[in-house]
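Colleague: What follows is a single structure, and I will ask about it in a moment.
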2 protein chains.
Amino acid sequence: MENLQTVAKPEDGIDITGQLQVAVEAKDVETISIMLDGLPLSDALRELLNLSVADRDAVLSMIPPTLAAQLIEEAPQSTATELVERLSTMRAAEIIEEMDSDIQADMIGDLDHKDAEAILAAMDADDAADVRRLSEYEDGTAGGLMAAETFSFPETATVGAVLRGLASEDDDFERYRGQHPYIIDADGKPVGVVSLRGLLTSKRSAPLTSIMVEPLVVRADAPLDELQDLFDKFPFLGLPVVEADGRLVGALSRSAVDTAALERAQVEGLRLQGIVGDELRSMPLGIRSRRRLAWLSANIVLNIIAASVISAYEDTLTAVIAIAVFLPMVSDMSGCSGNQAVGVTMRELSLGLVRPRDAFRVWMKEASVGVVNGIALGILIGIVAWIWKGNPWLGMVIGLALALNTVLAVSIGGVVPLALKRIGQDPAVASGPLLTTITDMAGFFLVLSLASMMMPLLVG
Amino acid sequence: MENLQTVAKPEDGIDITGQLQVAVEAKDVETISIMLDGLPLSDALRELLNLSVADRDAVLSMIPPTLAAQLIEEAPQSTATELVERLSTMRAAEIIEEMDSDIQADMIGDLDHKDAEAILAAMDADDAADVRRLSEYEDGTAGGLMAAETFSFPETATVGAVLRGLASEDDDFERYRGQHPYIIDADGKPVGVVSLRGLLTSKRSAPLTSIMVEPLVVRADAPLDELQDLFDKFPFLGLPVVEADGRLVGALSRSAVDTAALERAQVEGLRLQGIVGDELRSMPLGIRSRRRLAWLSANIVLNIIAASVISAYEDTLTAVIAIAVFLPMVSDMSGCSGNQAVGVTMRELSLGLVRPRDAFRVWMKEASVGVVNGIALGILIGIVAWIWKGNPWLGMVIGLALALNTVLAVSIGGVVPLALKRIGQDPAVASGPLLTTITDMAGFFLVLSLASMMMPLLVG
């Protein structure tokens, strides 16, 4: 019995990396393949990416194409593209042939046009045609996520034909796992679907049309959100995908939708942290630095704008230098409060529980949290400032500024992603910097203007 | 033909919320059910959560239990629990009976012990026993994610028995969609699995043992990461789950694993933003404020520690007040750079591409990005400070401080999540505050100590 416990896990003490390195240097393809195949895929990919670029290319050129295909599929898209681009055309074609057609289309779509054409020319003609057809659909739509192969039969087919298909040795059968057979009319439109139960309880000579039911179909341009909803609502493992004219063009599996949703959540989480694109440490330094700097340079401009508020109040600051201690604290705390609200809105957006037009409701809900938390944090920091610097009025200035700025930050934080989405900007990338700039400016202004007003009490 | 386009989508101009409110006030259960059933699930849930608490309870008590179950399953776990807790015991039992056994166990496990027992007592005895059994497994393991029902047959069964099972009208068949039939021995251990192809190409009288192959099994305590790996590696739609003694205890579906991974990614994204627990705006104000404050109060203490560095240099600051303008900028920019590194490490952790023991390699990789970006940002802000305040030495102090602090922030940001994971802390919750405190302190110290050293040049 093949038990999971027989699958090797990298334990402390067993030097997988070292053993792999030895095998790579010896060009011992059998040992390399057994080692990589024996590891969980993510571990195998990590070991592969830890090798030097030359060794990595050598390994992917030597190991069985199915294993190479699994490793490349496990990698995030941009890393996968990089791995494929470095292979010879023949080898790349051989590996890509092992992938499902939706993954093939993603891979080919991400390559340079010239590389892509060369690989397609080296592939099986039918597969290449499928890939060309799939490449025309947008990522994150039913068309972009579907497999080109469908398990479909003409209206004239019998139950026996389907059962023979299911029982055949055709490897393509594996691709239809869990999919139902679709019946298509002369125009290529799906007009029926049959259940396994229907097939097993009917005579082999019965026409499929006698046991088919109307299929639920999905349009090729349906976006990911809609697809997630659909699979949440219906228990199907796959759905037929149709063009605007009703023609069947592919089959969409539940797992392709789930995988796309997970990838989107992960990339969105990165964007909130200021990483645009799906960076991995195995990418070249130049690309990693450049991508991060692009976001940081925009941020530095916003920071300068916020800091100009401090510059305008240098006299106040010189008179009560203790305030300088609290400026970063007020702006940082407000930024944190606001980011919590951004996080909740981003989550509700991804769950479909909130839409741009709900901004007012969100604002009301967040403002109340802002008031409660603003009062609590304001009192806390006010007491700290009073005790630390020995001046109750200073405590009042700082506490009041933080309280007001928290209300502002939380209300704005909840609404900013919705506003950005409404104007067609990516809320994950821009919400944080925009929020922080506003709350920094407001925080600096509140502390310094309150301090200016109460100057006699502060310097007394 | 049931076409997706016939599913109502909330268009601008159609006031779904208003219409639903009218139907709720009229207690028009048919209209309410048709409206909610016609919407995509996430939209229907949003409309439900937007109702007053009393109306929400009334709707869930009136609509068909299958629809109520779908809506509750669509909600994030804590919201789902809240919705169920407010229902009568009988009604809650009726709705929960409609869910799959793994979801049932999650729901029951999250309720108060007393509520849970009352609902179990009101449920079908067999279902209740399954739930009790499943509740003993930990969340996020194969046991916690599996369904209690398996499609299993004794070693003595024939091909005909399986085909009759597949063809039966038993509603439970739906639960086995895509699962293969397992053959279990007298001790309840899975000893074989048969393929549909095998079933269709064999005589009905053939014993299952003649066509079965050894199954790949998964241990009930296998964690989510391992399960994701397994389904990435093998194309199965489901796997048999066994106890330590080898007994078959349930069936794990690919889609349960995918769904758990997505939920984990979303909740982890929220934690990085300072939201612990899966907050939605439909939750009570008290809970939302308290949860956010818990994290913020810890953060305020860290902020005070960082600000104390400024306090120690008040003389320097008074002498060169222009520095106060740049203090928040240096700390904020470093924090952003560090958070980018945190984001990449969190992603690599979730993809299994990095482990705590890889900290040194990560540190080397990040340090190089830190040096490149530190030099770029340092030059940029140095020039800004020079031009703005008209003093090249001030530009040098600020630029050098930002450059050094960026290297520090990026290196620490990459390693902090690994260190936290190593000592058993949640990297998503603690990485941000820990990183920010360190980079704030270091940033303030670098700016102010460099300024102290170069004081004659700055005030000259």
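The values are calculated or read from the model by the stated rules, or taken from the named source; none is laboratory data. What you see is a predicted model; the values in this text were computed from it and never measured. Cβ placement follows ideal geometry from the backbone for every residue including glycine, while neighbour counts extend to all protein chains displayed.
Colleague: Select from region A:197-220 the residues that are surrounded by fewer than 20 Cβ atoms within 10 Å (Cβ to Cβ) and either outside any loop (DSSP other than H, G, I, E, B) or among the aromatic types (Phe, Trp, Tyr) (or both) and list them in ascending order.
Modeller: Passing the criteria: A:ARG197, A:LEU200, A:PRO207, A:THR209, A:SER210, A:VAL213, A:ARG219.
Colleague: Right, here's the next one. Quick check: anything in region A:284-305 farther than 18 Å from B:GLY338 by Cα, of a type outside the set (Gly, Ala, Ser), at the interface with another protein chain (Cβ under 9 Å from one of its Cβ atoms) and over 23 Å from the mean Cα position of the chain (by Cα)?
Modeller: Checked against the condition, which is being farther than 18 Å from B:GLY338 by Cα, of a type outside the set (Gly, Ala, Ser), at the interface with another protein chain (Cβ under 9 Å from one of its Cβ atoms) and over 23 Å from the mean Cα position of the chain (by Cα), region A:284-305 yields at least one hit.
Colleague: Look at region B:57-72 and say how many of its residues are within 26 Å of A:PRO356 (Cβ to Cβ) and within 14 Å of chain A (Cβ to nearest Cβ).
Modeller: So the count comes out to 2.
One line per residue, one yes/no per condition, for (1) at negative phi; (2) exposed (fewer than 15 other Cβ atoms within 10 Å of the Cβ); (3) touching an Asp or Glu at 6+ places or on another chain (Cβ under 9 Å); (4) more than 14 Å from chain B (Cβ to nearest Cβ):
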residue: A:GLN104; (1), (2), (3), (4): yes, no, yes, yes
residue: A:GLY109; (1), (2), (3), (4): yes, no, yes, yes
residue: A:ASP112; (1), (2), (3), (4): yes, yes, yes, yes
residue: A:ALA129; (1), (2), (3), (4): yes, yes, no, yes
residue: A:GLY144; (1), (2), (3), (4): yes, no, yes, yes
residue: A:THR150; (1), (2), (3), (4): yes, no, no, yes
residue: A:THR158; (1), (2), (3), (4): yes, no, no, yes
residue: A:LEU163; (1), (2), (3), (4): yes, no, no, no
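Colleague: Now a separate question. Residues in region B:439-449: is at least one over 28 Å from A:SER337 (Cβ atoms) and either assigned by TED's automatic domain parsing to the domain that holds B:THR318 or at pLDDT below 95 (or both)?
Modeller: The answer is yes, given that some residue of region B:439-449 is over 28 Å from A:SER337 (Cβ atoms) and either assigned by TED's automatic domain parsing to the domain that holds B:THR318 or at pLDDT below 95 (or both).
Colleague: How many residues are buried (at least 20 other Cβ atoms within 10 Å of the Cβ), without any contact (Cβ under 8 Å) to a residue 12 or more places away in the chain and either acidic (Asp, Glu) or more than 11 Å from chain A (Cβ to nearest Cβ) (or both) when one looks only at region B:349-396?
Modeller: 0
Colleague: To continue, here is another question. State yes or no: is A:MET364 modelled with pLDDT of 90 or more, closer than 28 Å to A:GLY399 by Cα and not aromatic (Phe, Trp, Tyr)?
Modeller: So A:MET364 fits the description; yes.
Colleague: With the requirement that a residue be more than 9 Å from chain A (Cβ to nearest Cβ) and either at pLDDT 90 or above or in contact with an Asp or Glu (Cβ under 8 Å, 6 or more places away or on another chain) (or both), what does region B:176-191 give you?
Modeller: Within region B:176-191, B:TYR176, B:TYR182, B:ILE183, B:ILE184, B:ASP185, B:ALA186, B:ASP187, B:GLY188 qualify.
Colleague: Only one of A:ASP245, A:ASP258 is closer than 22 Å to A:ASP102 by Cα, in contact with an Asp or Glu (Cβ under 6 Å, 6 or more places away or on another chain) and free of Cβ contacts under 8 Å to residues at least 60 places away in the same chain. Can you tell me which?
Modeller: Among A:ASP245, A:ASP258, only A:ASP258 is closer than 22 Å to A:ASP102 by Cα, in contact with an Asp or Glu (Cβ under 6 Å, 6 or more places away or on another chain) and free of Cβ contacts under 8 Å to residues at least 60 places away in the same chain.
Colleague: Kindly indicate whether any position in region B:319-327 is surrounded by fewer than 19 Cβ atoms within 10 Å (Cβ to Cβ), more than 9 Å from chain A (Cβ to nearest Cβ), of a type outside the set (Lys, Arg) and under 30 Å from A:ALA385 (Cβ atoms).
Modeller: So far as region B:319-327 goes, yes, one or more of its residues are surrounded by fewer than 19 Cβ atoms within 10 Å (Cβ to Cβ), more than 9 Å from chain A (Cβ to nearest Cβ), of a type outside the set (Lys, Arg) and under 30 Å from A:ALA385 (Cβ atoms).
Colleague: Is it the case that some residue within region A:57-66 is under 24 Å from B:ASP229 (Cα atoms), of a type in the set (Val, Ile, Thr) and surrounded by fewer than 17 Cβ atoms within 10 Å (Cβ to Cβ)?
Modeller: yes
Conditions tested, residue by residue: (1) within 25 Å of A:GLU366 (Cα to Cα); (2) among the hydrophobic types (A, V, I, L, M, F, W, C).
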position: B:GLU279; (1), (2): yes, no
position: B:LEU285; (1), (2): yes, yes
position: B:SER289; (1), (2): yes, no
position: B:ARG292; (1), (2): yes, no
position: B:ALA307; (1), (2): no, yes
position: B:ILE310; (1), (2): no, yes
position: B:THR316; (1), (2): no, no
position: B:GLY352; (1), (2): no, no
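Colleague: Do we find a residue being under 30 Å from B:ILE211 (Cα atoms) and in contact with a strand residue (DSSP E or B) (Cβ under 9 Å, 6 or more places away or on another chain) anywhere in region B:117-139?
Modeller: no
Colleague: Something else: May I ask you to verify whether A:VAL407 is within 11 Å of chain B (Cβ to nearest Cβ) and either touching a helix residue (DSSP H, G or I) at 6+ places or on another chain (Cβ under 8 Å) or surrounded by 23 or more Cβ atoms within 10 Å (Cβ to Cβ) (or both)?
Modeller: no
Colleague: Next question. I need the full set of residues from region A:228-255 which are within 10 Å of chain B (Cβ to nearest Cβ), outside any loop (DSSP other than H, G, I, E, B) and touching a helix residue (DSSP H, G or I) at 6+ places or on another chain (Cβ under 6 Å), in order please.
Modeller: Those that are within 10 Å of chain B (Cβ to nearest Cβ), outside any loop (DSSP other than H, G, I, E, B) and touching a helix residue (DSSP H, G or I) at 6+ places or on another chain (Cβ under 6 Å): A:GLN228, A:ASP229, A:PHE231, A:ASP232, A:LYS233, A:ARG254, A:SER255.
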